[in-house]
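First comes the structure, then the notes that go with it.
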Amino acid sequence: MREMNSLKSIVAFGFPTFAAAALSSCEMGGAGQSDYLRGVGGPISQQTSGGSNHPVPAIPDDSSYWDGDSAQGSPLIKINRAQQKAFFYKSGTLVGVSRISSGSEDHGTPAGKYKITQKSKDHKSSVYGVFKDKVTGKTINDNVDIRIDKIPPGAVFYNAPMPNFMRVTGGIGMHTGYLPGYAASHGCIRMPHHMSTHFFENVEVGTPVIIE
């Protein structure tokens, strides 16, 4: 299962089934073409907005904001797939909005009512990532499913990072990731790093998440 520059199927945190709770879905790439994970396993060679290893969004983010630090009350997150936005509420008051990239047509983010089941600040995928040359550090393939792809001679595998991971259901969660401007993941909800940080710091296991 692969996802190339457009929507080729893989997953970097995606999953073949919802039962794969140990996996996480939504990396994308294209065998060294997308630069989505260009910083993994080596120095970052461009400015990033997604914390380490994630390039700047494909289009300017003029809609994300956070105004919830002084707000009190129970948190609730709503994910609107049509708008490609996530909305953060405290006791019914909207305190934050984040741009997102949810699941692609072939690997959609499932609608429903869920609760956060895990928080992992420095989460990494157990099966998806990149191959790099051991000597030069050059990316050989940035679209690896280690269950399918064999490590080439002279290469090393680096697990794909998923900072501020908030698991919602199965292998699906919210986390820092690349925003190409459309739904492109394999189920996960990618967010800008500063927004995933706000969300991460203001939720706990059990926080409701509604995906529409």
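The values are calculated or read from the model by the stated rules, or taken from the named source; none is laboratory data. Values in this document were obtained by computation on a predicted structure and should not be read as measured data. Quick reminder, even Gly has a Cβ in these numbers, built from the backbone with ideal geometry, and neighbours come from all protein chains shown.
Details
- For residue 201: the one exception among (1) surrounded by 18 or more Cβ atoms within 10 Å (Cβ to Cβ); (2) out of contact with any helix residue (DSSP H, G or I) (no Cβ under 8 Å at 6 or more places or on another chain): (1)
- Residues (within 18 Å of residue 119 (Cβ to Cβ) and surrounded by fewer than 23 Cβ atoms within 10 Å (Cβ to Cβ)) located in segment 181-197: 193, 194, 197
- A Cβ distance below 9 Å, combined with a sequence gap of six or more or placement on separate chains, defines the contacts here; from segment 145-157, residues that are at negative phi reach residues that are exposed (fewer than 15 other Cβ atoms within 10 Å of the Cβ) and assigned to a strand (DSSP E or B) in the pairs 152/133; 155/133; 156/133.
Residue-by-condition table, conditions (1) at pLDDT 95 or above; (2) surrounded by fewer than 21 Cβ atoms within 10 Å (Cβ to Cβ):
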| residue | (1), (2) |
| --- | --- |
| 66 | yes, yes |
| 70 | no, yes |
| 74 | yes, yes |
| 79 | yes, no |
| 84 | yes, yes |
| 90 | yes, yes |
| 94 | yes, yes |
| 97 | yes, yes |
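- Restricting segment 144-165 to residues that are touching a Phe, Trp or Tyr at 6+ places or on another chain (Cβ under 6 Å) and crowded, with 24+ Cβ neighbours inside 10 Å, the residue that is farthest from residue 132 (Cα to Cα): 164
- Take the conditions (1) part of a strand (DSSP E or B); (2) within 18 Å of residue 209 (Cβ to Cβ); (3) under 13 Å from the mean Cα position of the chain (by Cα); residue 187 misses just one of them, which is (1).
- Of the residues making up segment 60-88, those that are touching a residue at least 12 places away in the same chain (Cβ under 8 Å) and either of a type in the set (Val, Ile, Thr) or not in a loop (DSSP other than H, G, I, E, B) (or both) are 65, 66, 75, 76, 77, 78, 79, 80, 85, 86, 88.
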